[in-house]
Every structure is written in structure tokens, then in C-alpha cells.
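Have a look at the structure below before the remarks.
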Amino acid sequence: MTTTFPPSPQSNRNKLFLIVLGLITIITLSYLFLSYLDTPEYSQMPGIQSGDRILVIAPHPDDESLAAGGLIKKARDMNATVTVVVMTDGSSAATPEELSQYLEKNNKNNSTEISELRHEEALNALSKLSVNESNIIFLGYPDTGLKTLFEDYWDPDKLYTSNTPFNNFDHSPYNFTYQQNATYTGGNVAGNLKQIITDFKPTIIITPDGLDEHRDHWATNAFVMYSAAATNFKGKIYTYLIHKGGTKWPSPPNYQPSLNLTPPPELQNFDVNCIENPLTADEEKTKEEAINSYGLPLSLTKGYLKSFIRINELFATPQPVNVQFINDNNFSKTGMPQSSFEDVRYDYNTKTLKTSDEMSSVGVARDDKNFYIIIAAAHDINRELVYRCHFRFLENGQFKRLDVKVQNGTAEYEKKSVNSIEVEMNATVEVQGDMLVLKLPLNVFKNSSFLMMNTDVSDKEGQLMDLSAWRELEIDSGINLIEP
């Protein structure tokens, strides 16, 4: 007679453990497999040649090392020439109290100016990357002021006065700047960049991306786009991101030197042509040494700067928007034109912004007579808000601008600068459900060799709420413009 004993409790527990372990293994492998499938593939940046001349544009001291420290190291190892331009004085990196505490903690002279400290940190960082001091250019414009210079203070007789704790000037007071005592105007910024591009003759320009959410970064992109076009630059332009989605990117945060840098989630399925620069162990180590030279921002950002120490760097190649020709301007019926781009910015003022007020996408189109700007919102257009469309273009080699304000169903031109053009034909606006359609005469742009545009939305009090990136537009040069 065979006696059958019931399974022991320990045996049951072992079986349960094995089942759970198996399920965890299956789930983990499935997750890794799906993650692998979802990982975007990037083309690699073309190899740097010894004859390359690379111009790296940094809005603030440290941006060049965060975004392109590995690339700079790679280029210098190949004996390529690298020049770095630092746009601002970096003076908004700390409050007076934070600066004082940092100087005291690090046994530095308590009377050290923040601009001097930032200048010194940049020189130290770039020396680690083998960039000679003679190839480092400091423009000295006001930290957090580049947006205002590009949009509102362009003219030579309209100076911008900075109002930050360490900078209350209307000119660059520093003895280490490219143009001594340069007044704070957008025209001077562009003039400096055009002269640098003309003199240096770069084959590659590295600059912030227009989708970066820091106003100095996207304004730098706008300045560089214009300056490159004005100097007939024919080389390659690569853009980089530093600020995206508040503090949610890079992800995972902090020091992760064995991981890849991946695009922010909202850009992974977006029309962005990512280019990867893989780093060798030596390039990553040298980049880390450069970043560690920035003691002041490192002490205040809780590991954020070290989030960029990864085994790769990411760049993008800007793509102009080819303006679609249309036969039907009823966009509520036809939908957004093919020449549209999504608004993927972190909202400027989330306290006052409602979901229905946010721009979800912007489109451009044209027929034989008219140019259309289509702003799509999440829900019906709020007529009380102020929508603006801004154009900058080169006309017979001269920089021109056109700014159009839309509110309460009416469109009007705004004269913002001496180079604002005068348009005889009125702009008109129509609301089509969740779309606002602005119509301009097409012949406004008939002589333009370069055209860029952005849009924004503000509340009635003028508080900026949302904006799109500056984008270069291409209008078919073969179109038959019909005079009004």
C-alpha cells in the first residue's frame, strides 16, 4: 500500500516563490523588450575632421560643457578648431545671499563679482576641453535679457536696462567682453554674431534649440538663425536642449554616467531629427571634469548639471517648414495644413493658463494671394486673449520685421522697431471653432530670402501664457504672386 503525503507548507511556499519569480522574470523581460522596441534610433553625427571650424554658442557659462563638452573634446583631439561664444554674463545664476555663502564656503574673496566668477569658471572648464582662451568669446549681455533684446529692444536708440540683482546696466561694463561697453540692444547682439561668423568662418555651428524653454536659450537660437542667414552661412547647424519640461529632463535625473541621454518624452514621437554623438570613456571623463569646474551652479542645482554626464550627447538638425499651397481655406473642414508644427513647450504661466487657452499646434499655408497662420487650441478659441504672430525676414539683405496682434476678432499691425515694415492691406482674422486663422497679403514676403516666425498668447493684462518656437519658413520661390 502506497501512502501519499500532502505537500508540506514549505514545499507550497517554494512553489509559490518560483511561480512569482517566474512571473516577475517574464514581466521584466517583456518590459525590457518593449523598451528596446520603443527606444528611438538616431543617426550618428558625422565624424569631425581636422579642417572643421566649430562655433559653439552658449547662452550662459556652462551650457557649452553640458551640451557639447564631449563633442568639443572630440574635435580638439582631431585638431579641429573650436571657438566658444558665451552670450550673457551669467549673473542670474545665484542670489546675493547664495553667492556670499558660496564665496565664504570656498574661501574666495567675498568681494568677487558674480560675473567675474562665472568668467573664471568658464575659462577653467574650457581649458579642461583644450580650448585656448583666445578662442573663448564673452559677449556680456544681460542674463535673462536676450528674449527682450530680440523682441523689443532692437534699435540703437532704444536701450534695455537690466534689472537683476547683479546687473542694473544698459551696456556691458566688463573688461573681458568682445565689444567693450556694447549697449544692450538686439541689433548689437546680432551684429556681434554676424561679425564672429564672418571672421571665424565656421563649418559647423552648435546652438540651443528653439524648443528649449529657457528664454535666453530660445532667443539665442533666434539670434543665431538670423545671423547665419544674414552671413549666408552654408555649413551645418546642430541644436541642443538644456531646459525642457521643468525639472523632468534629463531622465533619470542626477549623476548617471553609464546611461544614454534620451530625448524628453514629448519629443520622442515629434518631428525632430535627433543626431547622436557617442562619447568614449575619455571624452565623458573630460566632460565631467569641465562640468565640475562650474562650482557655483553645481552647488545650487542639486545634481541637475551632472545629469548631462552620459555616454552620449544629443543634437538635432533644424528643418525649415515648407509652406503648403492650398485651394480651400476652410480649415475647420480640411483640418490643419501639412505645414504645421506642434506646440510642445512647458507652459509659461500655468497658474493663469487654462487647457482651452493653450496652443496645441501652429500651421502655415498660402494660396496665390494670401498667407495664412492657423493657431489651434485645445478647445474653442478664447477671444479675450491676445494672440500675436511675429515675423523676421531678410529683404534685399536688410533685416525686417512684422508683428501682428489679434484680440476680440480684430487683427492689427504693431510697429515695434525702425525696421518694422508698413503693410497697406489689412490683416484679417477668423475664428473657426478651435482654430484662429490670420490672413496676410502674400506679397509682404515676396522679396524675402529668409523668413522666420513664432506665435504667442497672453492674457488681457499682458502676461505671457504660451508661445511656439521660432521656425524658419520656406515659400516656393516659383510662385506667381498676384498684386492686390
#### Entry: Rg over Rh, two decimals, the range 44-316 (C-alpha only, Kirkwood Rh)
0.94
### Task
Find the eigenvalues of the gyration tensor of the Cα atoms of the range 256-334, then list the square roots of 5 times those eigenvalues as equivalent ellipsoid semi-axes, largest first, in whole angstrom.
39, 15, 11
### Summary
With the dipole of the chain defined by +1 on each Lys or Arg Cβ and -1 on each Asp or Glu Cβ, the option from THR334, PRO278, LEU126 whose Cα lies farthest towards the positive pole is PRO278
### Task
Step through the table entries LYS147/LYS285; LYS400/LYS460; LYS194/LYS302, compare each Cα-Cα distance with 32 Å, and write down the pairs that go over it.
LYS147/LYS285; LYS194/LYS302
#### Entry: For the chain, size of Cβ-based charge dipole, Lys and Arg +1, Asp and Glu -1, in debye
960
### Summary
Of all DSSP beta bridges having both residues in the chain, the percent classed as antiparallel (nearest 5) is 70
#### Entry: With eigenvalues of the C-alpha gyration tensor scaled by 5 and rooted, the range 55-207, Å
25, 23, 11
### Query
Which order do THR280, THR83, THR148 fall in if you start with the one that has the fewest other Cβ atoms within 10 Å?
THR280, THR148, THR83
### Summary
The simple spin-label model distance between THR334 and THR428, using points 7 Å out along Cα→Cβ, in nm, is 1.6
### Query
What is the fewest-to-most order of CYS274, CYS389 by other Cβ atoms lying within 10 Å of their Cβ?
CYS274, CYS389
### Query
In Å, what Rg and Dmax follow from the Cα atoms of the range 55-97?
12.6, 43
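Pick out the long, greasy-scoring helices in the chain: whole DSSP H runs spanning 30 Å or more along their own axis by Cα, mean Kyte-Doolittle at least 0.0.
9-38
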#### Entry: Fraction in percent of alpha-carbon pairs per bin - 10 Å, the chain
4, 18, 27, 24, 15, 6, 3, 2, 1, 0, 0, 0
### Size of charge dipole - the range 321-474 - debye, nearest 20, with Cβ of Lys, Arg +1 and Asp, Glu -1, no other charges
320
#### Entry: Residue-averaged 222 nm ellipticity for the chain, from DSSP H runs of 4+ at -39500 (n - 2.57), nearest 500
-8500 deg cm²/dmol
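Extension gain GLN49-LYS285, at 0.36 nm per residue separation less the Cα-Cα distance, in nm?
This chain segment gains 82.8 nm when fully extended.
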### Summary
A correct fewest-to-most ranking of LYS416, LYS369 by other Cβ atoms within 10 Å would be LYS369, LYS416
### Query
What do the square roots of 5 times the Cα gyration tensor eigenvalues come to for the range 321-474, in whole Å, largest first, as semi-axes of the equivalent ellipsoid?
23, 18, 14
### Task
Could you pull out which residues in the range 181-225 have an amide N less than 12 Å from a spot 7 Å beyond the Cα of ASN273, following the Cα-Cβ vector?
none
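Just so you know, all these numbers are worked out from the coordinates, no wet-lab data involved. Note that this is a predicted model, so its numbers are computed, not measured. Every residue, glycine among them, receives a Cβ derived from its backbone with ideal geometry; neighbour counts consider all protein chains shown.
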